[in-house]
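This report refers to the structure that appears directly beneath it.
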């Protein structure tokens, strides 16, 4: 593992901060050091691209301009603002933490690392980002971008996918982080990792840390970071039923209050085996009343006349699951009472419901089918 002398570290800090001042990205949460704005942006940026987050950030801050607004918001409104960002536990944790701040910290974001870490949904990275950017504390903010940069800078052999490796990166970051501008230093690393020190084909000729980087000196950039592969998401198979009644309303079901996509709305789904899924997918005209012995119709609990072919297919990858969904359309001959945790709603009312990404994909696939078939 490479080491830097105190003089080299001082030179690195000076050069790197000057580069950041010149090249930093113009992002809405960087206009000031408001800890609330920084906190919201950092949570949104988890698992999500910067370009995607910007519009969501503006809308979220308009809907919930203060911590108290977030703490007291109805969950439906909160999830609607988050709709499409995914990983909805992030939004629920934000609200739980906002309520903690109102109760335990007088409505003000706490200004010590230890207190920030007590907030729901805030781990070491987010705590370090808030502490350094908002409160100028010399705390590392170590995410995937930072580990990639630092692993190349020092030729660190540790597997970044293993939690135990974090201690190594934390120690290295504490050696080099600027004590006078830790927030800028952390953000410079984030920017460098996203624009220059990228996972593949890093742009070393443009890198301000080139002189200090062991991987560049030894030509080992492609070797680092060392990362073991994550297990593949488990494949899960569903059929989705778009059911329309004579009043041109569609049946929507609310998910359970806990678990994946909690309290969100989708067209009815039924899990099927891969064999049943493949049989449904490959038949050009289906006998929906004889798909499988254990399932005499795709949704036996509903009185629906189904169109006898699949009208679309979507996939959606969660961190641990990959959903495969076949879409069917059917009509009821009469208005039926909705089952528990379900409602009939017109298309114009869909904007009132919180739809997760899989539901949005199903609707888009359905609309594409309608357009292709001149409906």
**Study point:** the range 6-223: relative contact order as a whole-number percent, Cα under 8 Å and 6+ apart
**Key:** 22 percent
Review point. Points 7 angstrom from Cα along the Cβ direction at residue 179 and residue 15: gap in nanometres?
Key: 2.2 nm
Practice item. Using label points projected 7 Å from each Cα along Cα→Cβ, tell me how many nm separate residue 260 and residue 370, to one decimal. Key: 2.7 nm
Revision key, fill the gap. Rounded to the nearest 10 degrees, the helix 124-135 long axis (Cα) sits at an angle to the longest Cα principal axis of the chain of 60 degrees
**Study point:** Highest-first arrangement of 54-66, 148-160, where packing means the average Cβ count within 10 Å
**Key:** 148-160, 54-66
Review point. Under the definition of Cα pairs under 8 Å and six or more residues apart, what whole-number percent is the relative contact order of the range 234-372?
Key: 35 percent
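Let me check against my output: what whole-number percent is the relative contact order of the chain, with C-alpha pairs under 8 Å and at least 6 apart?
With pairs under 8 Å counted, the relative contact order is 16 percent.
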**Study point:** Options [x] -0.55, -0.67; [y] -0.48, -0.59; [z] -0.37, -0.48 - which one matches log10 I(q)/I(0) by the Debye sum over Cα atoms at q = 0.08, 0.09 Å⁻¹ as calculated here
**Key:** [x]
**Study point:** Ordering of 346-358, 117-129, 178-190 by burial proxy (mean other Cβ atoms within 10 Å per residue, highest first)
**Key:** 178-190, 117-129, 346-358
Review point. Full extension from residue 2 to residue 47: what is 0.36 nm times the residue separation minus their Cα-Cα distance, to one decimal in nm?
Key: 13.2 nm
Review point. Hey, quick one: spin label on residue 87, modelled 7 Å out along Cα-Cβ, who in the range 31-50 has an amide N within reach, i.e. under 16 Å?
Key: 39-50
Review point. Using alpha carbons only, how many degrees (0 to 90, rounded to 10) separate the axis of helix 182-195 from the longest principal axis of the chain?
Key: 60 degrees
Check your understanding: Between residue 345 and residue 103, what length in nm is gained on full extension when 0.36 nm per residue of separation is reduced by their alpha carbon distance?
Key -> 83.3 nm
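The numbers here are math on the coordinates, done by the rules we state, and not lab data. Keep in mind the model is a prediction, meaning the values are calculated, not measured. Note that each Cβ is placed from the backbone with ideal geometry, even for glycine, and that neighbours are counted across all protein chains shown.
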